[in-house]
Each structure stands twice: as C-alpha cells, then as structure tokens.
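The values are calculated or read from the model by the stated rules, or taken from the named source; none is laboratory data. These figures come from a predicted structure and were not determined experimentally. Positions of Cβ are backbone-derived with ideal geometry, glycine not excepted, and every protein chain shown enters the neighbour counts. Each accessible area value is taken on the protein alone, full model and side chains, heavy atoms only, with ligands, DNA and RNA left out. Shrake-Rupley method; radii C 1.70, N 1.55, O 1.52, S 1.80 Å.
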Amino acid sequence: FPFCTNLQLYGEWAGEDKFSPWQNEAPGYVAGFLISDIFNDPGLDFRVEYANTDAAWYTHGIYTSGYRYKGDILGHHMGRSADDFFTRLSKEFPAKGDYLQRFVLGGEFDYEDRMKIMPAVEHKYEVTLDGAMYLNDYDAIKVSYRRQEFRNFENVPGRKASDNIFQVEAYAKF
C-alpha cells in the first residue's frame, strides 16, 4: 500500500457450540486492523478493533457465578452483552545510546457499552497515554496513565463514576 508498509486484518469468532460448531447459539466476535508505518513513517502504527459479546457469554447453567475467578470474568474485560470499540496510535523511536535500545510512545481510546440487556446500559470512556523504554531485547520499563469515565455505572440510571490509574511496569526476560 502506498500509505504504509503493512496492513493486517484480523478477527475471531466464537460461541456456544452445544452439538456442533455451526450450531452457535450465542456468537461473539473481535475484528480489527493494524496499519504499520503510516505515511511511510517507520514505527508509526495505528490499530482499530471492535468486539461484541452476547448476553449468554460468561454464564453457566450449573455454576451460577459464571466463568469467573474471585469475581472477575475469565475473558474479555467488557463482559457479556457488550460492545467495545478500541483505537491505538503509537510511535517507536530508535535510541542511539548504550543504555536504551528504543522508546515507544502511545495513546489509546476505548469506548464500551456494557450489559446492553439492562434498561440502563453502562457506558465506559477510557483514554490512556503510555511510554515504554526498551533497554535491550530482554528488559523494559513501561509507564502509563489511564482515565476512565462511566455513565450509568453498574447499570444504575444517572450514576457516574471515574477512575485515574497510574501504572509502572518492569519486564525482565531470563
């Protein structure tokens, strides 16, 4: 493509296959694309992703808590009966030094509609800014700030909530 060096399209389709794979009662899917080196700028990448789950996802007829561990869903963070729209723009900068191999700056936006089967659908808006320093092929340090805003929080009409999350991560491969 003349505007990038790489374009990846991807998707995943899943569901409850009671009798055979084509008898899917509760489909869910993820679809997206990644454009690498936008405008032929090495290291400038853009990703867009959309996900959808059915009301039956993460539930179970016998285990009434559903597919959970200590209250947390074992799967996509948006939960069941939800839509998720995600975008990310990132830029990688090569470093010319003895202690730093490369540096990546990124920004994300995520919008979710949660529990669409409820009268008051929860809306989540999330913005993230992050930076990662790769010291070598094995070690990295990542710093991020995330702001979350909720409308109809926990499906209660008019209830609002917000979160500010600051995160520092260190990676070591050995």
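When region 99-142 is filtered for residues that are open to solvent by 50 Å² or more (accessible area, probe 1.4 Å) and aliphatic (A, V, I, L, M), the ones remaining, listed by number, are L100, L105, I117, M118, V127, L129, M133, L135, I141. Output yes when any residue across region 39-61 is assigned to a loop (DSSP other than H, G, I, E, B), among the basic types (K, R) and at pLDDT 75 or above, and no when none is. No: region 39-61 contains no residue that is assigned to a loop (DSSP other than H, G, I, E, B), among the basic types (K, R) and at pLDDT 75 or above. Where residues in region 143-162 are of a type in the set (D, E, K, R) and under 17 Å from the mean Cα position of the chain (by Cα), which of them is most open to solvent (accessible area, probe 1.4 Å)? Checking each candidate, the answer is R147. For region 67-107, residues that are basic (K, R) and part of a strand (DSSP E or B) total 4. As for region 122-129, it holds no residue that is part of a loop (DSSP other than H, G, I, E, B) and over 30 Å from P42 (Cβ atoms). For region 24-49, what are the residues that are open to solvent by 30 Å² or more (accessible area, probe 1.4 Å), under 17 Å from H76 (Cβ atoms) and in contact with a Lys or Arg (Cβ under 8 Å, 6 or more places away or on another chain)? Selection gives R47 alone. Would you be able to say whether some residue in region 21-34 is outside any strand (DSSP E or B), aliphatic (A, V, I, L, M), at pLDDT 75 or above and under 24 Å from L89 (Cβ atoms)? Looking for residues that are outside any strand (DSSP E or B), aliphatic (A, V, I, L, M), at pLDDT 75 or above and under 24 Å from L89 (Cβ atoms), one finds none in region 21-34, hence no. One residue alone among T53, T59 is hydroxyl-bearing (S, T, Y) and in contact with a His (Cβ under 7 Å, 6 or more places away or on another chain), and that residue is T53. Do we find that K91 is under 29 Å from P157 (Cβ atoms) and of a type in the set (K, R) in this structure? Taking the combined requirement at face value, the residue does not satisfy it.
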